[in-house]
Amino acid sequence: MSQLTERGTPLSSHGRTAAQRSSAIAAAAVSGVTAAGLGLGALAVAVLLLWVASPYPDSGPSRALHLAAGLWFMAHGGGLVRETTLSGAPAPLAVTPLLLCVLPVWLLHRAARDTLATAADQRRDDGTAVAPRTLLGALLAGYLLVAAAALVYASTGRLTAAPLSALLAVPGTAAATLGATAWRLLGRDAAALLPARVPRAFRALPDTLRAALTGPRLDTALRAAGAATLALLASGAALVLLGLALHPGRFADDLGQLAPDWAGRCTVLLLCLALLPNAAVWGAAYGLGPGFTVGAGTAVGPLATSPRPPLPHFPLLSGLPAPGPGSWWQIAPALVVPASAAVLLARYAAGDGHRSWGRTAGTAAVAAVLCGVAMGVLGGLAGGALGEGTLVSFGPAGWLTGPVAAGWTALAGVPGTLGLRAWRRAERRAVEGRGPGLRALPGHLFRRGRASGPEPSPDVCPDPSPDSSGELSGEPSPEPHREPEPTTDPTLDPAAVTTAAVTTAAAPTTAVTTTPDPAAPSAEPSRRERRAGRPAGRWTGRGRGRRERARRGKDGRGGDQESAA
């Protein structure tokens, strides 16, 4: 009986652990299904509202739901195919609205964060938890299950989802989002989610490259690259808005010809808002130099704009420059794009000046490369085909925008980072009292025969030094009308040193040693000590010898008097 009782406990504990693991995996899968369903539902509600508000709907709600499913695939980077065209041939639609990408990425991020947080709580409670790789795999499986069902539904109709692009874009976007979330939450432990071959290949890299890709240097490079990318996008959006502001009449004409009623105009304006991040990428490519295309065989850049074929009446295209060579007012604003990226990259990559020159330059170079990768990916997503014929190539080329962005950012950002590093290092050393500030550096370098250290300002009293009479004086050359300074040093701590007796104006004949008063308040620190960042009332190496000579006298009479006493 006792043997049966002892065997029953491990079995029940094992069963409880298995149930907890199954529950955690099922919860992760349900989170993936919920994230995909919420994304599809949000787009379906928006499309149905526009369909209801349309005064002349030419189809039923089924086509609106097909459009919502197609937009969901486009938000992941997939493409669509228009089956009904004037020529009869299917026309691809491969431009990804970047603003729609925010919805599925944010939902996946929230689901992965909650799943990993739940697993961490279970591990703290009972010490048993499912591996993060298993949980994220279950979440991805639930998400892809809904994506497969939506792909089957969107494969019929006038606007269908391209199967190959959907099979590549949806898993790729989901896996990249889950990996970024795990890296954000787990740090270096997120490397355990990768296959075993990836860590082995990473360990085979040179030590310098591995050090640049790990640790705080990578975090600094990521922040600098993110800031530089945001600067490029903000500058590109500013160029687009400037072009639209210079052609308000053309914008109103295109909007009126494309949608004569107010419901249609609201729909077109919402579409323009969804494509505004795409226009920001186009503006950034324009400012960086490669530019973008608005049809096969065309180019729009700051130096020149080639003749283009007739384009659809779309409001965002009304700000395009006229064909011909670029003028000075077109080239000058474009210079702001790489300059803004270089400034923000230097702002975040320089640190506080504690790194060496080589490491600072390496961090800035890695940040420039990451910025180029980000702009290349965004350029590839923001451009693509809008149909057949002249619209088969539309937007910037990612394979060209990325390297140019990395080159401009590195060319201007690395020297700027090194200059900002030198400035911050000089300021930090000046605050710590170990060197002059950057503004006082020229005078410090050309001074000769003077002690090193920052020169005090005229309103700062120097340390007391003994005069010819043996008394302590606050000025090296006191003025005749000024009263002599007190004989006690205000920077001495009465609890740590002995105080000299106050004597007459004549030279002292005896040295009186008194017992320090512990209850006496500590004196105020001098301005030099406050500027140097030293604690009040403590002796330094140079100040100790100076004060000893002040107490004993310059000719050693104080020591003889003490010995005689």
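The values are calculated or read from the model by the stated rules, or taken from the named source; none is laboratory data. Just so you know, these numbers come straight off a predicted model, no measurement behind them. Neighbour counts are summed over all protein chains in view; Cβ atoms, including those assigned to glycine, are modelled from backbone coordinates with ideal geometry. The protein model used for the area step is the full one, side chains on, heavy atoms only, and it has no ligands, DNA or RNA in it. Shrake-Rupley method; radii C 1.70, N 1.55, O 1.52, S 1.80 Å.
Quick one: which residues, 5 or more positions from ALA304 or on another chain, have an amide H under 5 Å from its amide H? H modelled 1.01 Å from N in the peptide plane, none for Pro or chain starts.
Those lying under 5 Å, H to H, from ALA304 are GLY326.
Note the full-extension length gain between GLU427 and LEU48 as 0.36 nm times their separation in residues minus their Cα-Cα distance, in nm to one decimal. List each step's numbers first, then the result.
Details: separation 379, 0.36 × 379 = 136.44 nm, distance 5.99 nm.
Going from the current span to full extension adds 130.4 nm.
If you take all C-alpha pairs in the stretch 273-350, what percent of them are over 22 Å apart?
That tail contains 30 percent of the Cα-Cα pairs.
Output needed: percent of Cα pairs per 5 Å distance bin for the stretch 71-115, bins running from 0 to the one holding the longest distance.
That works out to 5, 22, 18, 16, 14, 10, 6, 5, 3, 1, in percent per bin.
Residues with beta-carbon under 12 Å from that of ALA204, excluding ALA204: net charge, scoring Lys, Arg +1 and Asp, Glu -1?
Result for the neighbourhood of ALA204: +3.
Give the share of C-alpha pairs in each 5 angstrom bin for the stretch 131-249, from 0 to the last occupied bin, in whole percents, shortest bins first.
In order of increasing distance, the bins hold 2, 8, 11, 13, 13, 12, 14, 12, 8, 4, 2, 1, 0 percent.
Using a 1.4 angstrom probe, figure out how much accessible area the stretch 220-279 has per residue, in square angstrom, rounded to the nearest whole. List each step's numbers first, then the result.
Numbers: 2960 Å² over 60 residues.
Dividing the accessible area of the stretch 220-279 by its residue count gives 49 Å².
For the stretch 167-236, how big is Rg over Rh, using alpha carbon atoms and the Kirkwood form of Rh?
1.04
I need the calculated FRET efficiency for the pair SER327 and ASP253, taking r as the beta carbon distance and R₀ as 41 Å, to the nearest 0.05. Don't skip to the end; give the middle numbers.
Working: r = 24 Å, r/R0 = 0.58.
After rounding to 0.05, the efficiency reads 0.95.
Whole-Hz Karplus ³J(HN,Hα) for the stretch 369-377, in order, using 6.51 cos²θ - 1.76 cosθ + 1.60 and θ = phi - 60°, x for Gly and Pro?
Computed from phi, the couplings for the stretch 369-377 are 5, 5, 5, x, 5, 4, 5, x, 5 Hz.
Apply 1/(1 + (r/R0)^6) to the Cβ-Cβ distance of ASP121 and ARG203, taking R0 = 22 Å, and write down the FRET efficiency to the nearest 0.05.
0.10
If you take every residue apart from HIS247 with its C-beta less than 11 Å away from the C-beta of HIS247, what net charge results, scoring Lys and Arg +1 and Asp and Glu -1?
-1
Could you check the spin-label model distance between TRP262 and ARG63? Points 7 Å from the Cα along Cα→Cβ, value in nm.
Label at TRP262, label at ARG63, 2.5 nm between them.
Can you give me the % of accessible surface on the stretch 278-368 that is carbon or sulfur? Probe 1.4 Å, all protein chains present, nothing else counted.
Of the solvent-accessible surface of the stretch 278-368, carbon and sulfur hold 72 percent.
Per residue Cα convex hull volume for the stretch 311-400, in cubic angstrom?
Here the figure is 144 Å³ per residue.
Contact order normalised by length for the stretch 204-303, with contacts defined as Cα pairs under 8 Å and 6 or more residues apart; what percent is it? Before the final figure, lay out each step's value.
Working: 66 pairs, mean separation 27.0, N = 100.
It rounds to 27 percent for the stretch 204-303.
I'd like the distance separating the alpha-carbon centroids of the stretch 24-87 and the stretch 190-257, in whole Å.
Cα centroid to Cα centroid, the span is 28 Å.
Probe of 1.4 angstrom, ligands and nucleic acids ignored: what's the accessible area per residue over the stretch 39-187, in square angstrom? The partial results should precede the final answer.
Values: 7440 Å² over 149 residues.
Value returned for the stretch 39-187: 50 Å² of accessible area per residue.
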